[in-house]
Ligand code: BT5
């Protein structure tokens, strides 16, 4: 294996040529007791999932689709901290492998310029007052070609190949990502959320800027002032108070 010994993430690896969704597979394995660090990796997905029932395009032979099982000692409402951790790990990996500088768009998109290159979908099983397990679902467009993107995506998209002009080795990318995830998770267990939040803010496209957030129930405007321990976006209101936004689409203006 290319993976250094002792790397928590990927110490058990379940690989499939094709599956419906690596997140669904990992969820099932976790329910059956699979240990922390187990990863499901697939070459293609027929039912790749985005948030809110949306679809993740998952053609064969070009991209990365994986789901990591973690069993963090967290309260259910703190589990979204791990989404920020995985966003930082993916951003670091893109930088290390390609030299490109991705931005993170709250809560879970990685962008190159204005185009989405990776998406994250975390799912959780909660026991009464503790997290049972978390599935970190990660999709990265690595060598996807322009004609493989369907029309009518919600946002413009790209791949590492399209953005850099060079084919990127999927195995090199994947090994680096597992190492970044493992190192990030170990640090998170030792030091908590603050270092993750700080690095996330530094890599965010909108942090500290004037934004409009479409919450579905209306549009809120103001400076993007932080993220709290539940992963909510903190928006400063004209009276100086902070408004917590748990979900929505952010536009910088
Ligand atoms: C996401 O959802 O960005 C989360 C994507 C997570 C995918 C991974 S792959 C491994 C694991 N197993 C799964 O089943 N899922 C995870 P969301 O923010 O809802 O974005 C979805 C929207 O992005 C779609 O409605 C499309 O408009 C667009 N989209 C779909 N496929 C895309 C792609 N490959 N690249 C860029 N944009 C895409």
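Just so you know, all these numbers are worked out from the coordinates, no wet-lab data involved. This structure is a prediction, so every number in the text was calculated from the model and none was measured. Cβ atoms come from the backbone with ideal geometry, glycine included; neighbour counts cover every protein chain shown.
Values as computed for the structure displayed
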{"item": "Contact order normalised by residue count of segment 12-203, Cα under 8 Å, 6+ apart, percent", "result": "21 percent"}
{"item": "Cα-derived Rg over Rh, computed across segment 1-117 with Rh taken as Kirkwood radius", "result": "0.95"}
{"item": "Relative contact order (%) - segment 1-90, alpha-carbon pairs under 8 angstrom, separation at least six", "result": "28 percent"}
{"item": "Inter-probe distance in nm under a simple model that places probes 7 Å from Cα toward Cβ, at residue 60 and residue 201", "result": "4.7 nm"}
{"item": "For the chain: rounded, prolate or oblate by the Cα gyration tensor [a/c cutoff 1.5]", "result": "oblate"}
{"item": "Label-point separation in nm, residue 230 to residue 17, each point 7 Å along Cα→Cβ", "result": "4.6 nm"}
{"item": "For segment 231-253 and segment 72-100, distance of Cα centres in Å", "result": "21 Å"}
{"item": "Distance (nanometres) between label positions extended 7 Å along Cα→Cβ at residue 125 and residue 219", "result": "4.3 nm"}
{"item": "Theoretical ellipticity at 222 nm over the chain - DSSP helices of four or more residues, -39500 (n - 2.57) apiece, nearest 500", "result": "-8000 deg cm²/dmol"}
{"item": "Share, in percent, of DSSP beta bridges within segment 136-251 that are antiparallel, nearest 5", "result": "100 percent"}
{"item": "Largest-first ellipsoid semi-axes for segment 210-252, taking √(5λ) over the Cα gyration tensor eigenvalues, angstrom", "result": "14, 13, 9"}
{"item": "Relative frequency of Cα-Cα separations exceeding 19 Å in segment 111-253, percent", "result": "65 percent"}
{"item": "Length released on extending from residue 145 to residue 77, taking residue separation times 0.36 nm less the Cα-Cα span", "result": "20.7 nm"}
